Each structure stands twice: as C-alpha cells, then as structure tokens.
Amino acid sequence: MRICKARRQSFTIPNDLVEDILSRLPVKSLMRFKCVSKAWHTLISSRRFAKSHFQRASQNPSCMNVIVFTDNCVLSLGYEALFQTCVHGQPVDVDFQGFPLWGEEYVETNLASCNGLVCIELYNRRKRTSEYLVWNPSTKSYKNIPRPTSTPDSMSCWFYRFGFGYDYSTDDHKIVRPFQIFPFDIKRIEIFSLKTFTWKTILVDVDNIYNCSLPLIPKTTYCNGAIYWSARKYGKPSIVYFDLAEEIFHELPWPESVLYCIRDKSSGKCFYTTGLWELGTFGEHLCLSVCTGESRKNLCIQLWVMKESWTRLATIPYLGTCLRPMCVSKNGEKVLMRETQVKYVGITGEWYYKLVEWNLTDHTCTSILCDPNPRMEAATYVESLYLQ
C-alpha cells in the first residue's frame with residue numbers, strides 16, 4: 001500500500017504586510033505580541049511603528065478614551081460607553097513612584113493630553129510649585145519629569161497654566177509653562193523636551209502678542225501642533241497660541257459676530273461675558289464654546305469650529321455655566337463636554353467639574369458619569385504606543 005505524504009508548503013508573509021496588519025490591532029494585543037519574536041519586538045517597539053499605529057488609531061473613534069481623576073481614584077471610560085446613559089467608569093490601577101496623586105494638602109491635579117499621552121501636573125497652591133509626569137494609560141508606562149533648574153523663587157513668579165503638545169518638525173512632545181517675574185512685565189516660557197529630557201527657558205519679545213495679553217481660562221487646549229490659551233487683550237477677548245515648531249506666540253481673533261459686551265438696560269452697565277467661554281476640540285478642529293446674548297437675561301452658548309475660518313456649529317441654551325467640548329460621537333450628533341463650576345468659600349474659589357453629554361439634535365443635556373464626587377479633572381486620549 002502506497003502512502004502519499006502531503007507536501008508541506010511554507011511561505012513568508014512580506015514584512016510590510018505584517019506591519020500593516022499589526023498597525024490595526026489594539027495596544028493591549030500589541031504589547032503581548034512583542035513576545036512572539038525578536039523581529040516583532042523590535043518592530044512594535046520602534047518609534048516609526050508607534051507613529052503609523054497612532055495615525056491609524058486616531059482615525060478610529062473607537063480608540064478614543066476619557067481618563068478621569070477624582071479626589072480618590074482614577075477612572076477610564078471607553079468611547080462606546082461615553083454616549084450611553086448612566087456611565088460608570090472602570091477603575092484604573094495607578095502607582096506612580098515618587099508622584100503621590102492624593103493625600104497632599106493644597107495640591108490640585110491638572111491634565112493635558114496629546115498623541116495618547118497624558119501629562120499630569122500636581123500644583124501646590126500654597127508653595128506655588130509644580131510636579132509633572134507623562135503617562136501612557138494604554139501601555140501603563142510613565143516618566144517623572146525633573147524640575148526645571150533655571151526657575152527663580154516660585155513666590156516671586158506668576159505661573160500661567162501649562163500646556164502639552166506635539167512638535168511635528170522634531171517628532172517631539174513638549175511641556176510648555178509660561179511665567180512672569182514680578183515686578184517686571186516681560187514673560188518667559190519654560191519648555192521641556194521629552195526627546196532630550198531637558199528644560200530650557202526663552203524670553204518673549206516685548207512687542208509679542210503674549211506680552212499684551214492676560215490669559216483668563218486656566219485650561220489649555222492642544223490642536224494641530226499648537227497650544228491655545230484664551231486671553232483678554234486690552235479688555236477684548238482673544239485667543240493666543242504657541243506654535244511648538246516655531247516656539248513663537250500668535251493671535252487668533254474671535255469670531256467677529258460674537259458679542260462679548262452686553263449692556264444692562266436697567267443700570268446701563270456693561271457686562272462682559274469673556275469669563276464665560278471655553279476652548280476645546282471638535283474632532284480635529286479647535287472649538288470655541290462661548291456665552292453670549294443680547295442681555296443678561298437672554299444668554300445662550302454658541303459653539304464655533306475653526307476650519308479655514310470660524311464656522312458656527314450650534315447654539316444651545318445657557319444653563320448657568322460654560323461647557324468645554326472634549327469629543328464628538330461618530331454621527332456628530334452628540335458632544336461630550338465638561339461643565340465647569342466655581343464655588344467660593346470667602347474669597348477663595350474652588351473649581352468643580354462634571355462630564356455631560358449634549359445632544360445637538362434634540363438639545364438635551366445629560367450627565368454621563370454617575371460619580372458621587374462632583375470634583376474631577378478629565379482628558380481624552382487615543383490609544384498609542386508612545387512612551388513604551
């Protein structure tokens with residue numbers, strides 16, 4: 001009896017096809033697949049693959065997540081759960097050595113995110129000092145950022161809110177921290193490079209727009225290679241942004257049709273709404289959420305999106321506070337927004353936040369995070385392999 005043995009046929013998948021397939025997988029799977037072979041480990045660990053993976057992930061809304069810091073825990077919300085009612089975040093186990101998130105008195109937590117990385121600032125209001133850490137929630141890796149050595153005594157300085165973003169020209173992530181030394185008016189900027197892991201300080205030209213502006217809103221927004229601050233220039237609202245490649249400040253004017261000075265008919269006094277506005281993002285575009293109206297009793301919130309120019313996206317009712325856009329649903333009907341409230345104890349104000357979902361179609365607003373603690377800080381991030 002003749003036995004016919006089937007021939008074993010071997011074939012090799014081209015490297016570019018392997019890379020294309022792997023770039024479509026979630027980060028959690030890729031971190032496991034680094035153990036498959038040395039070749040896969042080298043590929044997945046490379047900066048080039050991290051960039052190509054992120055470019056693909058950033059086009060997929062399902063890769064969007066929200067990280068939420070409260071007074072005693074960190075929560076993660078996946079994209080699919082964001083636009084459902086009564087959302088409960090998944091607890092995230094965090095243990096940053098030498099970087100205590102809780103237990104320190106007079107310390108507030110501030111977040112900024114870019115390219116799947118979250119920059120955490122612990123700001124001590126009493127000492128006026130800051131500690132920074134850059135964290136990738138997807139890979140669980142992080143780096144403690146050293147303190148700048150050139151900063152003068154913190155009690156003689158006024159620090160504006162920090163920003164975190166990506167410099168396309170050098171393939172580098174940067175922390176930007178503007179400050180001012182009293183009694184001098186000239187502002188300075190501290191810049192930390194994640195690539196070189198060093199700080200540097202630059203002076204702002206006397207006639208630069210940033211020296212003529214007073215930043216108002218404590219939060220910054222990163223969008224397309226620049227960090228944005230809302231500001232007031234000679235009493236009028238303005239937007240100041242720092243180009244991370246040029247390392248220069250520029251000005252972005254407000255939409256011309258937005259009223260920012262409302263005159264009270266009974267008293268004749270002018271009421272400025274410039275304190276009631278927020279910058280955020282709507283997809284890949286900068287978004288302005290501003291409180292405006294013909295009178296103090298007839299206010300609304302307008303959402304504007306910057307494409308080639310300002311375009312009004314929607315008008316929603318004013319509910320006593322301004323809303324910051326964070327991300328948008330796949331069909332563009334719902335926007336995740338952060339609501340800001342200030343509670344005063346004497347003359348001291350405390351910032352409080354909660355996440356809400358605004359439906360642009362039926363104009364309904366729903367609180368999506370069922371957390372008993374109203375004070376929180378939140379940031380969006382896309383899964384990435386940066387900072388493995």
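The values are calculated or read from the model by the stated rules, or taken from the named source; none is laboratory data. This is a predicted model, so every value here is computed, not measured. Cβ: placed from backbone, ideal geometry, glycine included. Neighbour counts: every protein chain shown. Keep in mind that these areas ignore ligands, DNA and RNA; they rest on the heavy atoms of the full protein, side chains included. Shrake-Rupley method; radii C 1.70, N 1.55, O 1.52, S 1.80 Å.
What the table shows:
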quantity: Near pairs, Cβ below 8 angstrom, 6+ apart or cross-chain, from segment 218-231 (over 19 Å from residue 291 (Cα atoms)) to any residue that is among the small types (Gly, Ala, Ser) and assigned to a strand (DSSP E or B); calculated: 222/112; 222/113; 222/163; 222/165; 225/165; 226/165; 227/163; 227/165
quantity: Any hit, segment 118-125, residues being modelled with pLDDT of 90 or more and under 30 Å from residue 308 (Cβ atoms); calculated: yes
quantity: Matching helices (runs of 4 or more DSSP H) fully within segment 24-97 where at least 3 residues are modelled with pLDDT of 90 or more and surrounded by 14 or more Cβ atoms within 10 Å (Cβ to Cβ); calculated: 27-33, 38-45, 47-57
quantity: The one condition in (1) at pLDDT 85 or above; (2) surrounded by 15 or more Cβ atoms within 10 Å (Cβ to Cβ) that residue 187 fails to fulfil; calculated: (1)
quantity: Residue among 315, 321, 281 that alone is hydroxyl-bearing (Ser, Thr, Tyr) and at pLDDT 90 or above; calculated: 281
quantity: Qualifying positions in segment 246-277 - at pLDDT 85 or above and either exposed (fewer than 12 other Cβ atoms within 10 Å of the Cβ) or not in a loop (DSSP other than H, G, I, E, B) (or both); calculated: 248, 249, 250, 251, 252
quantity: Check on residue 182, open to solvent by less than 50 Å² (accessible area, probe 1.4 Å) and at pLDDT below 95; calculated: no
quantity: Residue selected from segment 1-23 under the condition β-branched (Val, Ile, Thr) and open to solvent by 60 Å² or more (accessible area, probe 1.4 Å), by the criterion modelled with the lowest pLDDT; calculated: 3
